[in-house]
Amino acid sequence: MANLKEVRNRITSVTSTQQITKAMKMVSAAKLKRATNAIVQLRPYANKLRDILAQVSSSVEGNDSPYTQDRVPTKVLVVVVTSNRGLAGAFNANVIKATNNLIFSKYAEQHARGNLSIVAIGKRGHDFFTKRGFNVIGNHNELFNDLNFENVSKVTEYIMDEFKEGNIDRVEVVYNQFQNAAVQILTSEQILPLVPEEKEENVAELDYIIEPSKEKIIEELIPKAIKIQLYKAVLDSNASEHGARMTAMDKATENAGDLLKALKLSYNQARQAAITTELTEIVSGAAALSNG
């Protein structure tokens with residue numbers, strides 16, 4: 001009987017867990033829809049802005065924007081985009097691992113000299129690197145509470161000012177790029193200095209009508225392109241988080257169902273054994289009485 005009670009308790013516990021994971025899956029699915037719409041709407045704009053910038057920059061001699069100055073990367077800043085919560089599979093662990101690989105391979109010398117800093121967007125990344133003694137200079141966990149271009153731009157403006165003043169020579173962002181609910185692509189991108197993309201061969205140049213001048217347009221476009229690049233990374237990460245959590249909760253719900261089947265089978269077998277034992281005892285007792 002003690003064994004039956006233990007199995008019943010486990011069945012109750014697993015059933016409660018399954019209800020929680022099922023609810024979390026539904027919540028993540030609803031959030032994923034909104035997050036996916038946001039990144040899907042931004043991508044064409046970001047891509048077109050990059051194309052225009054590349055086309056216009058190629059026809060302007062001597063681009064002297066402070067955000068395109070390629071210096072020796074003595075001081076490096078890494079922007080780590082994770083989530084504030086867990087239960088999303090390997091979503092956060094993968095970003096943290098990729099950031100560690102970037103730091104200890106590409107920027108090991110800067111890190112050893114204390115010239116590597118981290119700006120954390122997301123509580124998981126902030127906690128991990130703070131506890132391990134990294135120079136974490138920014139904590140922006142609140143961005144996900146009200147995720148919009150204006151709030152992310154405040155972080156980007158701080159980074160751009162630091163680069164412009166020469167306090168930072170290179171900025172890279174590590175995040176999960178959203179592909180679909182089940183697939184997130186770990187991505188590391190350099191956002192400062194802004195490197196113009198190489199033009200593809202055999203692609204006709206578009207003849208833009210520009211007012212007031214190409215130089216003025218580039219001066220306006222470059223800061224906006226940098227802000228859009230980081231905003232896109234955060235939106236990508238946000239959509240990836242909800243996709244990863246929905247997938248993880250779906251798998252957890254499925255695993256709970258499999259475990260419930262095994263537990264119920266075990267419970268029925270134990271119950272059947274107990275009933276058989278009781279019947280055997282009754283029959284044995286009756287036989288002993290009749291013989292007496």
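The values are calculated or read from the model by the stated rules, or taken from the named source; none is laboratory data. Model, not experiment: these values are computed from the prediction. Virtual Cβ from ideal backbone geometry, glycine too; neighbours counted across all protein chains shown. Remember, those area values only see protein heavy atoms, side chains included, never the ligands or the DNA or RNA. Shrake-Rupley method; radii C 1.70, N 1.55, O 1.52, S 1.80 Å.
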Problem set entry | Of all accessible heavy-atom area on segment 15-172, the percent that carbon and sulfur account for (1.4 Å) | 50 percent
Problem set entry | Spin-label pair Val40/Leu87, simplified geometry with 7 Å Cα→Cβ offset, distance in nm | 2.6 nm
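The chain: Rg/Rh from Cα coordinates, Kirkwood Rh?
In the chain, Rg relative to Rh is 1.26.
Can you tell me the accessible area per residue over segment 134-175, all protein chains present, probe 1.4 angstrom, in square angstrom?
On a per-residue basis, 46 Å².
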For this session: Could you check the simple spin-label distance between Asn167 and Ile282, using points 7 Å along Cα→Cβ, in nm with one decimal?
Result: 8.3 nm
Exercise. Once amide H atoms are built 1.01 Å from N in the peptide plane, which residues 5 or more positions from Gly122, or in another chain, come under 5 Å H to H?
Worked result: Thr82, His140, Asn141
Exercise. What do you get for Rg/Rh of segment 1-136 when both radii come from the Cα atoms and Rh is the Kirkwood radius?
Worked result: 1.18
Problem set entry | Within the chain, helix-based [θ] at 222 nm, where runs of 4 or more DSSP H residues each add -39,500 (n - 2.57), nearest 500 | -21500 deg cm²/dmol
For this session: Using a 10 Å cut-off on Cβ atoms, rank the peptides 259-267, 238-246, 177-185 from the highest mean neighbour count down.
Result: 238-246, 177-185, 259-267
Exercise. Simple spin-label model, 7 Å along Cα-to-Cβ: Ser266 to Ser290 in nm?
Worked result: 3.9 nm
Problem set entry | Filtered trypsin sites (Lys or Arg not before Pro), segment 36-136: DSSP coil and at most 15 other beta carbons within 10 Å | Arg71, Arg85, Arg113, Arg132
